[in-house]
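A.B. asks: Below you'll find the structure I mean.
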Amino acid sequence: MKLTGRRALSWSWVWALLLPLLAVSIAGCAHRLDGGNAGSTPVAASPDRPAWMPAPLTSMAYSSRVGIMTVLDNELAQVTAGTAGIGNGSSALKPTFDYPGYVSESLRKGILAHTPYQPVLVRPSARLIRDNRIWQQSWNKDAGKFETSWQHEFDAVIKQNQLKLLIVVTAPEEDDGIVGTSQTITGSGYYARSFLGRKQTAVFSTVHFYRIAGQPGKLLHPVSAPAERLYADLPDFPNPAPQPLPQPLQIKLEKAVKDMIDQKVGAFISMMK
């Protein structure tokens, strides 16, 4: 049907009004398909990223990410120490709670509450779990780097997870610090000492938080904060403790271990502020 006369004139006015609006709408869609907002400057495309794909986040978006990598066995230690090694002993105790998980969570909460950083959990490699003591010994203080294979591993973790800082949580073996016992301690648990009729019982923890930062990653010092403790009193705990450890005593020990971990975390966080 052919439009003539007044009807043709009225449709010409309609098209005159609609065409500018359609042009504006199409232009706005083009901006949004480029990954920007209406009125913003479109982001240029590249062979690896088409125009419709949003631009990747810059490194600034990850500048506050802190990785927590916990390398701990889910067990507590029962350590006895005598004189000149006589009566020395050590055994493992299965805790009623997730010990590595508690350490990680205490640290995560501490970082969130008292620092501007964003903690993320990072799974340790099988090699790091297997050779937990070796990587610590591979740090060359004079050269300012780890042994080559460990250096590559930590650098890859930091890069892949876009971290500002990697915290490796582990519990190295240490001398008990008591003269004449020839005993060592590792992990967390209770320590019972007997010497010339005197008996001492304490809770201990050798948990440390190793900070690795930068590319290439460097081990930051000090590892331990001045306020960090190795021992804490464990009053009214029998020495020697009965074996197997009765549940009320185990619950008491576990609470003391948790308090010790929280104290260590608080001391460590003070170095991150």
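A.B. asks: Give me the pairs, please: first residue somewhere in the range 119-148 and more than 15 Å from ILE212 (Cβ to Cβ), second residue anywhere and open to solvent by 90 Å² or more (accessible area, probe 1.4 Å), beta-carbon distance under 8 Å, and either six or more positions apart or on two chains.
C.D. replies: That search, which allows pairs on different chains as well, returns ARG133/GLU173.
A.B. asks: Scan the range 172-204 for residues that are under 25 Å from GLY101 (Cβ atoms) and either in contact with a Lys or Arg (Cβ under 9 Å, 6 or more places away or on another chain) or at pLDDT 95 or above (or both) and report the count.
C.D. replies: First pass over the range 172-204, keeping only residues under 25 Å from GLY101 (Cβ atoms): 172-174, 185-191, 202-204.
So of that shortlist, the ones also either in contact with a Lys or Arg (Cβ under 9 Å, 6 or more places away or on another chain) or at pLDDT 95 or above (or both) come out as 172-173, 185-191, 202-204.
Qualifying residue count, the range 172-204: 12.
A.B. asks: Given the structure, is VAL120 touching a helix residue (DSSP H, G or I) at 6+ places or on another chain (Cβ under 6 Å) and among the β-branched types (Val, Ile, Thr)? Quick ask: steps written out before the conclusion?
C.D. replies: Details: touching a helix residue (DSSP H, G or I) at 6+ places or on another chain (Cβ under 6 Å): no; among the β-branched types (Val, Ile, Thr): yes.
So VAL120 does not fit the description; no.
A.B. asks: For the range 79-105, which residues satisfy the criterion of being more than 20 Å from LEU249 (Cα to Cα) and open to solvent by less than 60 Å² (accessible area, probe 1.4 Å)?
C.D. replies: Narrowing the range 79-105 to residues more than 20 Å from LEU249 (Cα to Cα): 82-88, 100-101, 103-105.
Result: GLY82, THR83, GLY85, GLY87, ASN88, PRO100, GLY101, VAL103, SER104.
A.B. asks: Residues that are open to solvent by 50 Å² or more (accessible area, probe 1.4 Å), modelled with pLDDT under 90 and of a type outside the set (Phe, Trp, Tyr): does the range 62-76 have at least one? Quick ask: steps written out before the conclusion?
C.D. replies: The initial filter retains those residues of the range 62-76 that are open to solvent by 50 Å² or more (accessible area, probe 1.4 Å), namely 62-63, 65, 73-75.
Subsequent filtering for residues that are modelled with pLDDT under 90 retains 62-63.
Filter once more, so that each one left must be of a type outside the set (Phe, Trp, Tyr): 63.
Scanning the range 62-76, I find at least one residue that is open to solvent by 50 Å² or more (accessible area, probe 1.4 Å), modelled with pLDDT under 90 and of a type outside the set (Phe, Trp, Tyr), so the answer is yes.
A.B. asks: Let me ask something else. Between residues in the range 233-244 that are among the charged types (D, E, K, R) and residues that are modelled with pLDDT of 90 or more, which pairs lie under 7 Å by C-beta distance while being six or more apart or on different chains?
C.D. replies: ASP233/ALA202
A.B. asks: What is the number of the single condition among (1) under 22 Å from ARG65 (Cβ atoms); (2) free of Cβ contacts under 8 Å to residues at least 24 places away in the same chain; (3) not polar (S, T, N, Q) that ASP155 does not meet?
C.D. replies: Exception for ASP155: condition (2).
The values are calculated or read from the model by the stated rules, or taken from the named source; none is laboratory data. Keep in mind the model is a prediction, meaning the values are calculated, not measured. Note that we place each Cβ from the backbone using ideal geometry, even for glycine, and neighbour counts take in every protein chain shown. Note: areas computed on protein heavy atoms with side chains; ligands, DNA, RNA excluded. Shrake-Rupley method; radii C 1.70, N 1.55, O 1.52, S 1.80 Å.
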